[in-house]
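The values are calculated or read from the model by the stated rules, or taken from the named source; none is laboratory data. For clarity, every value in this text was computed on a predicted model and none was experimentally measured. Note that each Cβ is placed from the backbone with ideal geometry, even for glycine, and that neighbours are counted across all protein chains shown.
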Amino acid sequence: MRTLPAAGHDPVGIDIKPSPFTHCVGSIADREVVKRCMRGVEAVVHAATLHKPHVATHSRQDFVDTNVTGTLNLLEEAWFARVRAFVYTSTTSAFGRALAPPPGAPAAWITEDVTPVPKNIYGVTKVAAEDLCELFHQRVGLPCLVLRTSRFFPEADDRRETREAYADMNVKANEFLYRRVDIEDIVSAHLLALERAPAIGFGRCIISATTPFTREDLAELRTDAPAVLARRVPGYREVYAARGWSMFPAIDRVYDNARARRDLGWQPRYDFAKVLELIESEGVAGSPLARLIGSKGYHADRFTEGPYPVE
């Protein structure tokens, strides 16, 4: 919503809370709200969701209402309005248990061909919404692209062990190697998806920072990630040592963004090397847009045990 006008678009923002970027306060679960806001619209970016931080605070029915029924409302009204493109913001969490290989196995190399195995109501409803997008493309020809974004929120990690063992920026820098993406790169991917959807028709793309790792690294990443990183990015140790940081001893998955780069022509700017450069020069790990947006929080309430309660 901050960048669409500069790209030549006239956006209409729907949200359940008022803001400088909200034109219609309401829920996508309300069909009449969706219908009213779809008038004159040429394309839809669907980023509304209940997500992982809400699993312990919202009912399963809440998730179905927003993530499934809300998506259906948007798809049907988009079809009636004859929009030229529908872009759905999904999540790498949709892969669920497929992200955790068994003990002794190499780290998982995650592409769009990996079959999701949802592990909670969040994953179940996001996969269902993706399938609705595919169904609408198959049945009525609505151009739909699904973007599975990896972590990008600035809040502290939800695991107490991680928060206690690592500085927050250390955690996020580590994650840019395999499971994090900057919001500026997410925005550029969505803008490209709006352009490319009519030509592609339907597709799923992983939106995550470009990893320096390869498939050949997967076995060792599960047992000695710092050694692999030292080979792939030799200068990281000096940057980390100056701050008392460390790489995680092991990682269990690596997201591959090759399809997004190929099909969308996406060129993400913020990878691990760029993050190291920013940390050294500016003492931050994110883009100017990420800093401008900042932390919005997940709930109106504050929780003492982390950024949100874990189920």
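Quick look at the numbers
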item	result
Among (1) under 30 Å from G201 (Cα atoms); (2) surrounded by fewer than 19 Cβ atoms within 10 Å (Cβ to Cβ); (3) in contact with a Gly (Cβ under 8 Å, 6 or more places away or on another chain) - the single one L278 does not satisfy	(1)
Residue check, E77 surrounded by fewer than 16 Cβ atoms within 10 Å (Cβ to Cβ), more than 22 Å from D158 (Cα to Cα) and of a type in the set (D, E)	no
Any hit, the stretch 28-42, residues being closer than 20 Å to V187 by Cβ, at pLDDT 95 or above, touching a His at 6+ places or on another chain (Cβ under 7 Å) and among the hydrophobic types (A, V, I, L, M, F, W, C)	no
Per-region count, the stretch 20-43, residues in contact with a strand residue (DSSP E or B) (Cβ under 9 Å, 6 or more places away or on another chain) and not aliphatic (A, V, I, L, M)	9
Filtered residues of the stretch 103-122 (kept if exposed (fewer than 14 other Cβ atoms within 10 Å of the Cβ) and farther than 30 Å from N67 by Cα)	P103, G104, A105
Lone unmet requirement of (1) in contact with a helix residue (DSSP H, G or I) (Cβ under 8 Å, 6 or more places away or on another chain); (2) under 23 Å from A167 (Cβ atoms) for A241	(1)
Residue count, the stretch 226-241 (criterion: without any contact (Cβ under 8 Å) to a residue 40 or more places away in the chain and either buried (at least 19 other Cβ atoms within 10 Å of the Cβ) or outside any loop (DSSP other than H, G, I, E, B) (or both))	9
Test: residue in the stretch 225-248 that is under 15 Å from the mean Cα position of the chain (by Cα) and either modelled with pLDDT under 95 or within 21 Å of S93 (Cβ to Cβ) (or both)	no
Candidate set: the stretch 286-311, residues that are basic (K, R) and part of a loop (DSSP other than H, G, I, E, B); chosen: the one nearest to the chain's Cα centre (by Cα)	K296
Condition check for A209: surrounded by 15 or more Cβ atoms within 10 Å (Cβ to Cβ), in contact with a Gly (Cβ under 8 Å, 6 or more places away or on another chain), part of a loop (DSSP other than H, G, I, E, B) and small (G, A, S)	no
Any hit, the stretch 24-31, residues being crowded, with 17+ Cβ neighbours inside 10 Å, touching a Phe, Trp or Tyr at 6+ places or on another chain (Cβ under 7 Å) and touching a residue at least 40 places away in the same chain (Cβ under 8 Å)	no
Residue match in the stretch 145-153 (condition: modelled with pLDDT under 95 and out of contact with any Lys or Arg (no Cβ under 7 Å at 6 or more places or on another chain))	yes
So V83, is it closer than 26 Å to P11 by Cα and modelled with pLDDT of 95 or more	yes
Qualifying position, being under 28 Å from E305 (Cα atoms) and without any contact (Cβ under 8 Å) to a residue 12 or more places away in the chain, among A165, A100, A156	A165
Per-region count, the stretch 145-182, residues outside any helix (DSSP H, G or I), of a type in the set (G, A, S) and surrounded by fewer than 17 Cβ atoms within 10 Å (Cβ to Cβ)	2
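So that you can scan it fast, the table gives a plain yes or no per residue for (1) out of contact with any helix residue (DSSP H, G or I) (no Cβ under 6 Å at 6 or more places or on another chain); (2) assigned to a loop (DSSP other than H, G, I, E, B):
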{"residue": "S246", "(1), (2)": "yes, yes"}
{"residue": "I251", "(1), (2)": "no, yes"}
{"residue": "R259", "(1), (2)": "yes, no"}
{"residue": "R262", "(1), (2)": "yes, no"}
{"residue": "P268", "(1), (2)": "no, yes"}
{"residue": "L276", "(1), (2)": "no, no"}
{"residue": "V284", "(1), (2)": "no, yes"}
